[in-house]
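The next block holds one structure in the form of structure tokens; read it before the comments.
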Amino acid sequence: MKYVIIAIIVIVLVVGVIWAGARKSDSDASPSPSVSTTNQTTVPSLPNTSPRTSPSPISDPNTTYGNRPGNKAPDFQLTDVNGAKVSLKSHIGQQVALVFWNSICDACIAKVNSFSAPIVVFAINRSESKATVQSNAGKFTNPQTRILLDPTDTIYRLYGGTAMPYTVIIDANGIIQSI
């Protein structure tokens, strides 16, 4: 009889934890940052997820922007390691590679260095301090590389980042060619 009572208590606790987790994930779905596209319409807000989880995709089927090949790449503005503001729309007319990276990812550094002119490379750092990024800037050998800071992973989530290196190729017209 003692073991039956213990088993019931364990089951109740497990169900309670699952129920509490489901309620927490519902409350975490409140809107977070918005990012504007180049035509000044607003991209739907992303869920407030932790940096290491996959976001919900941009799901409005009537849009031509989003994180899928063939769609217009959402514009964004980030700061580079020198403090200058850099936006995607300022590079219309050029092919751009977005490579999301961090300092412990050797494959990310290799991916950034694998591109050559005329492709402009945005090496977008994920959530590391400016000092850490600056101390690793010398690892990049491509002179077309702009090292950008994404301290909250907003752009990584916007483009549907799922792993590293995570690379998005955007053509000169601002259309996503591959992910």
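The values are calculated or read from the model by the stated rules, or taken from the named source; none is laboratory data. Keep in mind the model is a prediction, meaning the values are calculated, not measured. Here Cβ is always computed from backbone atoms with ideal geometry, including for glycine, and neighbour counts include all displayed protein chains.
Scanning segment 134-179 for residues that are of a type in the set (Lys, Arg) and either closer than 21 Å to Gly93 by Cβ or crowded, with 19+ Cβ neighbours inside 10 Å (or both) gives Arg146, Arg157.
Taking each residue of segment 72-101 that is free of Cβ contacts under 8 Å to residues at least 12 places away in the same chain and assigned by TED's automatic domain parsing to the domain that holds Tyr159 and looking for partners that are part of a strand (DSSP E or B) and surrounded by fewer than 14 Cβ atoms within 10 Å (Cβ to Cβ) with beta-carbon atoms closer than 8 Å, six or more apart or interchain, yields Gln77/Lys85; Gln77/Ser87. Within segment 69-88, how many residues are surrounded by fewer than 16 Cβ atoms within 10 Å (Cβ to Cβ) and under 17 Å from Ala172 (Cβ atoms)? Total satisfying the criteria: 4. The set of residues from segment 109-124 being closer than 17 Å to Ser178 by Cβ and either under 15 Å from the mean Cα position of the chain (by Cα) or of a type in the set (Val, Ile, Thr) (or both) comprises Val112, Ile119, Val120, Val121, Phe122, Ile124. Considering each residue of segment 149-179, count those that are free of Cβ contacts under 8 Å to residues at least 40 places away in the same chain and within 10 Å of the chain's Cα centre (by Cα), and give that number. Here the count works out to 1.
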